[in-house]
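The structure under discussion appears below in the form of C-alpha cells.
The values are calculated or read from the model by the stated rules, or taken from the named source; none is laboratory data. Everything numeric here is computed off the predicted structure, so don't read it as measured data. Here the Cβ positions follow ideal geometry from the backbone for every residue, glycine too, while neighbour counts run over all protein chains shown. Ligands, DNA and RNA are excluded from the accessible area calculation, which covers all protein heavy atoms including side chains. Shrake-Rupley method; radii C 1.70, N 1.55, O 1.52, S 1.80 Å.
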Amino acid sequence: MSKNDESAPSIRAGVIGLGIVGGAFAKHLVAAGVHTSGYDLLPANLAALIAQGGRACSSARAVAAGADIVITSLPHSAALESALFGEDGVVAAGRPGLLVIETSTLSLEDKEQARGRLASADIGMLDAPISGTGPQARTKDITIFASGDRAQFDRARNALAYIASSVRYVGPFGAGSKMKYIANLLVAIHIAGAAEAIVLGEKAGLDPATLVEVLAGSAASSRMLEVRGPSMAAGTYATPMMKVDVFRKDLDIIASFARQSNCPVPLFNTAVPFFTAVAAQGMGLQDTAAVISVVRSFADREAK
C-alpha cells in the first residue's frame, strides 16, 4: 500500500513492543501512511520510530489513547500483563471500542485470560501470532494467523495487510496460537534436521556451502534450510533472526500444548534437547542456527 492509499489515513494504529518484529510493524504502517504511535522500554527503539516518521509515546496507556487498534509484540506474558493492565497500560486509557491485536507467541491460557479482562473494559482482542523471523518481518515476508471474532478481524484486516505478505483468518480465538505452536514444532524439527544433514555432509567430505545451495534447490529443501543453512555452513550465528533463549520459551509452550492435546510428538521431543544444549554452551543470545554446533560436537566426539 502507498502513502496515497485513501484508506490508510483513516486508521490510527499503535504498536507496543518495538523490537525487531514490532519495530518492523511500525515501520510498515508508517510507510503506508498510517498514523502510527508506539511504545517500548528501550529509548533506541523509540528513536527509530521517530526517525521513520512515527510518534513515540511514554507509555502503553498513551499509545492506546491515540489509537483505534493497538498491536502488541512482546517477549513474554509478564510484559503483556504490564502493557495491558499495568498502571500505565492500555486499559488505563479508558478507550471502549479499542481493538488489541496480540501477535506474540504466548501461552493460550494467558491470552484467553487477557481477552476476558479486556472485554470487561469493552476492548476487543484478536489472537494473531506471526510465522516468520525478524528479518522476514522487516521485508514484510511473514504470515499472520489471525483468530477471534470475525467482525473484529474484518476491522483489522487492512492494517494487518500493511505488515504481512499473507493474512489468514484461521478461526475462533486461540486457533491462531494453536497454528503457531504447530508451525514452530516444524521449525524446531527442520532446524535440527538441517543441522544434522549439513554435518553429515561435512563428515563425508562435501563442501557445506555447496551442500546447502544444492539441497535448497531440491526436493529435500525446507524453509529452515534455506534461511539458516548458510549460517550453519559458515558457522556464524551472532546476528540472531531468533535467539535461542527466546525460542526455548516457545518450545516449552509447544510441549505443554502437546501434553494438553494428548498427542505424542516424538520428533519434536528429539529436537528440543539440542536447543537446551546450545543454550548451556552459553549461546542463548545467538541465532537458533547455532544448534549445528551441538551436532558438530557430537560428530567430533564419535570420530575420536
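Values for this structure:
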| read-out | value |
| --- | --- |
| Protection proxy ranking, peptides 127-134, 190-197, 83-90, 206-213, average beta carbon neighbours within 10 Å, highest first | 127-134, 190-197, 83-90, 206-213 |
| Using distinct alpha-carbon pairs, which all enter the 1/r mean, Kirkwood radius of region 164-304 in Å | 15.9 |
| Region 240-276 and region 115-156: distance between their alpha carbon centers, rounded to Å | 22 |
| Region 8-110, dipole about Cα centre (Lys/Arg Cβ +1, Asp/Glu Cβ -1), debye to the nearest 20 | 460 |
| Accessible surface, per residue, of region 195-304 when the full set of protein chains is kept, probe 1.4 Å, Å² | 54 |
| 222 nm mean residue ellipticity, helices alone, for the chain (DSSP H n ≥ 4; -39,500 (n - 2.57); rounded to 500) | -16500 deg cm²/dmol |
| Share, in percent, of DSSP beta bridges within the chain that are antiparallel, nearest 5 | 15 |
| Under the Karplus curve 6.51 cos²θ - 1.76 cosθ + 1.60, θ = phi - 60°, whole-Hz ³J(HN,Hα) for region 282-289, x wherever Gly or Pro sits | x, 10, x, 8, 8, 5, 4, 4 |
| Viscosity 1.306 mPa s, 10 °C: Kirkwood-radius Stokes-Einstein D of the chain over Cα pairs, µm²/s | 79 |
| Where region 1-107 is the region considered: accessible area per residue in Å², 1.4 Å probe | 40 |
| Extension gain from GLU112 to LEU267, taking 0.36 nm per residue of separation minus the Cα-Cα distance | 52.9 nm |
| Modelled FRET efficiency - R0 35 Å, ASP300 with SER120, Cβ distances, 0.05 increments | 0.05 |
| Amide H partners (placed H, <5 Å) of VAL100, local residues excluded | VAL70, GLY124, MET125, LEU126 |
| Pairwise label distance in nanometres, THR139 with ASP154, each label 7 Å out on the Cα-Cβ vector | 3.5 |
| In Hz, Karplus ³J(HN,Hα) per residue of region 120-132 (6.51, -1.76, 1.60; θ = phi - 60°; x = Gly, Pro) | 5, 9, 6, 10, x, 8, 10, 9, 9, x, 10, 10, x |
| Two-site label geometry, ALA238 and ALA47: point separation in nm, points 7 Å out along Cα→Cβ | 2.2 |
| The chain: angle of helix 291-303 to the longest principal axis, Cα-based, in degrees nearest 10 | 10 |
| Accessible carbon and sulfur surface of region 1-121 relative to its total accessible area, %, 1.4 Å | 54 |
| Residue-by-residue Karplus 3J(HN,Hα) for region 38-52, coefficients 6.51, -1.76, 1.60, Hz, glycine and proline x | x, 9, 8, 6, 8, x, 5, 6, 5, 4, 5, 4, 4, 4, 7 |
